Amino acid sequence: MSPPKPPPPTILSEEDALLWQELVQNVQPLLHTSPLEAQPPINIIRKADINKNIGALPTPKPPKNTAHTVNSLPTEIRQALQIGHKKPEAKLDLHGMSLETAHQTLFNFLSRCAYQEKRNLLVITGKGGGILRNELPHWLETAPFAQFVQAFGVANNKHGGEGAWYVRLRK
C-alpha cells in the first residue's frame, strides 16, 4: 500500500493574490518576539480515511456493572421511578444516531433540562451490545456531562429496561 498523496497546493486567483499582497505589505514584526521553533508537520486525517478504517476500531467494552457504580441512582429514587411515584420529566431517544450526533444531542438535552430545573430524566439508547448503550455511562461520568449529572442507572422494564437509563441531574 502506497502512502496517501498530499493534497494539491491551493492556487489563488489573480484577485486573491493581489488582495494578499496588499494585506501583507504593511505587516510589521512584533517587538520582543523570537522566531518560532520548527514544528513537525501535523497529520491530517480526512473523513474518507476514517471511513476506510472504521472496521479497525476496537469495539467498546460494555460497562462493568453500571447499576452499582459510584454514580448509581439512589435506591429511593429508583424505586419511586419504577413504581410511578416519580415520572421522568423529560425523555431523549438516541436510537439510530452516530456517536458524534448522540454526544452533542445528549449535551444539549442535559443542559436544557438543567436550565429548566428538571431532575429525573430518561435516556433511551436501545438494548443489546450497541455502542451508544456502552458509551453512555462513560459520557455521564466525564466532562462535559458530569457537571449536570448527580446519578444514573439502568431503567426499569416499563421504561425500556437495559435499553434505557435513568439520569438524575444535580440541583
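Extending 7 Å from Cα along the Cβ direction at Thr75 and again at Ser111 yields two label points whose distance is 3.8 nm. Amide H contacts under 5 Å for Lys86: Leu81, restricted to partners 5 or more places along the chain or on a different chain, H placed in the peptide plane at 1.01 Å from N.
Which entries of Lys86/Lys127; Lys87/Lys118; Lys118/Lys158; Lys127/Lys171 show an alpha-carbon separation above 18 angstrom in the structure shown? The pairs that break the limit, which is 18 Å between Cα atoms, are Lys86/Lys127; Lys118/Lys158; Lys127/Lys171. Between the amide H of Leu169 and those of Asn120, Leu121, Gln150, distances stay under 5 Å, these residues lying 5 or more places away or on another chain, with hydrogens modeled in the peptide plane.
Extension gain for Glu141 to Gln82 (0.36 nm times residue separation, less C-alpha to C-alpha distance): 18.9 nm. Taking a ≥ b ≥ c as the square roots of the Cα gyration tensor eigenvalues, region 71-169 comes out oblate, since a/c reaches at least 1.5 and a/b does not exceed b/c.
Near Leu92, the amide H atoms lying under 5 Å from its own belong to Leu122, Val123, Ile124; only residues 5 or more places off or on other chains count, and H is placed 1.01 Å from N. Taking the Cα centre of region 67-138 as origin and assigning +1 to Lys and Arg Cβ atoms and -1 to Asp and Glu Cβ atoms, the resulting dipole is close to 220 debye.
Each of His85, Asn156, Trp139 was scored by the projection of its Cα onto the charge dipole of region 71-169, and the greatest displacement toward the positive side belongs to His85; charges sit on the C-beta of Lys, Arg, Asp and Glu.
Bear in mind that the values in this text are calculations on the coordinates, not laboratory data. Worth saying up front: this structure is predicted, and the values here are computed from it rather than measured. Positions of Cβ are generated from backbone atoms using ideal geometry, with glycine treated the same way; all protein chains shown enter the neighbour counts.
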